[in-house]
């Protein structure tokens, strides 16, 4: 890879998550300034499929959005350091895992936390699948830095008002993404 290509890749890695997170920030600003905090775009049971697509970009106020932004950016940068394809796979996995929740779960949810848990699920699993020292080190680092988030995958350890099923389905989507993109190295015949 040439220096110019590396520079372009680093620019993409840096800017893409910032562009993604600009969408919920724009939505929240409009919500607060124009609609007084009443314009949310959640995934609702029996609601439109559009809610599945918009839910990550809708938050319950600036506190919710700030918290999610602080987790979303570093985890996004870590996945993007591997590849844009892997980042896209995590998003697709999170959306795929959200569909059964939308169909069957009786309560709506919204926010980037499902994607955050998807990114974490991917990062925790990919090292063990690839079995490469750098990937294993990344998985261990993520476990040390973000392992404290894992208890909120369980309903009895999740604070009231927080969608543990959104976290769990997002995590499952990240695991699905890691499994889908992992290719075991082919062994040559003796």
Mean Cβ count within 10 Å, highest first, over the residues of peptides 26-35, 136-145: 136-145, 26-35
State whether region 31-110 is rounded, prolate or oblate according to the following rule on the C-alpha gyration tensor (a ≥ b ≥ c being the square roots of its eigenvalues): a/c under 1.5 gives rounded; otherwise a/b larger than b/c gives prolate, and the remaining case gives oblate. oblate
Relative to the first principal axis of the alpha-carbon coordinates of the chain, what is the inclination of helix 164-181, with its axis defined by its Cα atoms, in degrees from 0 to 90 and to the nearest 10? 30
Taking a ≥ b ≥ c as the square roots of the Cα gyration tensor eigenvalues, with a/c under 1.5 meaning rounded and otherwise prolate when a/b beats b/c, else oblate, which class fits the chain? prolate
Shape category assigned to region 140-186 from the gyration tensor of Cα positions, a/c cut at 1.5: oblate
Could you line up 182, 122 from fewest to most neighbouring Cβ atoms inside 10 Å? 182, 122
Defining a contact as two alpha carbons under 8 Å apart and six or more residues distant in sequence, what relative contact order in percent does region 56-165 show? 26
Using a cut-off of under 20 Å, list every residue of region 12-48 whose amide N is near the label point 7 Å from the Cα of residue 129 along the Cα-to-beta-carbon line. none
The helix 84-104 Cα axis meets the longest alpha-carbon principal axis of the chain at an angle in degrees, between 0 and 90 and rounded to 10, of 40
Mean separation of Cα contacts under 8 Å (6+ apart) over length of the chain, as relative contact order %: 23
Note the angle between two axes, namely the Cα long axis of helix 113-130 and the longest principal axis of the Cα atoms of the chain, as a number of degrees from 0 to 90, rounded to the nearest 10. 10
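A short reminder: the numbers here are calculations on the coordinates, not readings from a lab. Note that the structure is a prediction, hence the values are computed from the model and not measured. Using ideal geometry, Cβ is built from the backbone for each residue, glycine included, and neighbour counts are taken over all protein chains shown.
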